[in-house]
Amino acid sequence: MSIFLVGSSEMREFGGASDAVAEFVGEAAQVAAFRERALGPRIAMIIVHEGDAENRVRHLEGILRQAVSDAKLPDARFISVLVAEGEAVAVDLLEDVDAVVVAGGLTPAYRKALHSGVEQIRALVSDGVPYLGFSAGAQLAAEAAMIGGWRIGGVPVVSQRFAEGLDEVSVAQGIGLIDITVDVHAAQWGTLTRLIASVEAGLMETGIAIDENTALVVGQGALRVIGDGSVWRVQQSDRGVLVSSLGV
């Protein structure tokens, strides 16, 4: 099964990345069929909210239901794992699910919320459960996760508007599903420059930055890009920092 990382929040248009959502629900259906579930897959939706839980759930569930319908798959059941900002995920809600979605929002808040559920999510994915991360959910899939920040050593490397409440660029322990750091909203927010500066400063050796409306699929075989934009690979080299595009 696969890990789907979308460079946009689920609360915004994400264009061609919708094809990645369709693949995700298809894989969830395969897991459910293997487990002989007559009512379709059980999909956990992890959402950190600021009092807007009902709207967030309705929106995300609508996206997933549309993907289920478009793929002409059996119906799905959705388990809303709602976490108020500053609280932690109720791990028992993640038991016996066929797929996991982590929504977008403030990455530091999601990291704090998911701390108690990291081992459970890793175990689920290791057992063949597909994972779909939007924005913050994509960043936190990494072992060394980009949490936010806009300066390195006091030098601005991205607009302060996209710092997520942090000053210095921060890389911290994520869920650990992949071994490469992820940044999102790359071309649209200019976070590609943050990743370039982070690699240059030695915060990580390699990272990827995903454009909006674009998804990176990590599964068996080569990495795949789905959507309208690019996934940018940034890595250290003998001549400094090498930037390349995986393309679509």
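Note the full-extension length gain between Asp167 and Glu61 as 0.36 nm times their separation in residues minus their Cα-Cα distance, in nm to one decimal. Walk me through the numbers before you get to the answer.
On the way: separation 106, 0.36 × 106 = 38.16 nm, distance 3.39 nm.
That works out to 34.8 nm of additional length.
Relative to the Cα centre, what is the charge dipole magnitude of segment 154-248, using +1 at the beta carbon of each Lys and Arg, -1 at the beta carbon of each Asp and Glu, and rounding to the nearest 20 debye? Walk me through the numbers on the way to the answer.
On the way: 5 positive and 11 negative charges, 38 e Å.
So the magnitude is around 180 debye.
I need to check one value: relative contact order of segment 5-159, counting alpha carbon pairs closer than 8 Å and at least 6 residues apart, in percent. Please report the intermediate quantities before stating the final value.
On the way: 265 pairs, mean separation 44.4, N = 155.
This gives 29 percent for segment 5-159.
Which order do the peptides 110-118, 86-94 come out in when sorted by mean C-beta neighbours inside 10 angstrom, highest first? Mind dumping the intermediate values first?
Numbers: 110-118: 20.8, 86-94: 14.8.
Those peptides, ordered most packed to least, come out 110-118, 86-94.
Along the charge dipole of segment 94-179, Cβ charges K/R +1 and D/E -1, which of Val125, Ala141, Val169 sits furthest on the positive end?
Val169
What does DSSP give for the chain in terms of the percent of beta bridges that are antiparallel, rounded to the nearest 5? All intermediate terms of the calculation are to be shown ahead of the outcome.
Numbers: 25 of 50 bridges.
Here the antiparallel bridges make up roughly 50 percent for the chain.
Read the figures in this text as sums done on the coordinates, not as results from a lab. Small disclaimer: the values here were computed from a predicted structure and weren't measured. A quick note on method: Cβ atoms are made from the backbone with ideal geometry, for glycine too, and the neighbour counts reach across all protein chains shown.
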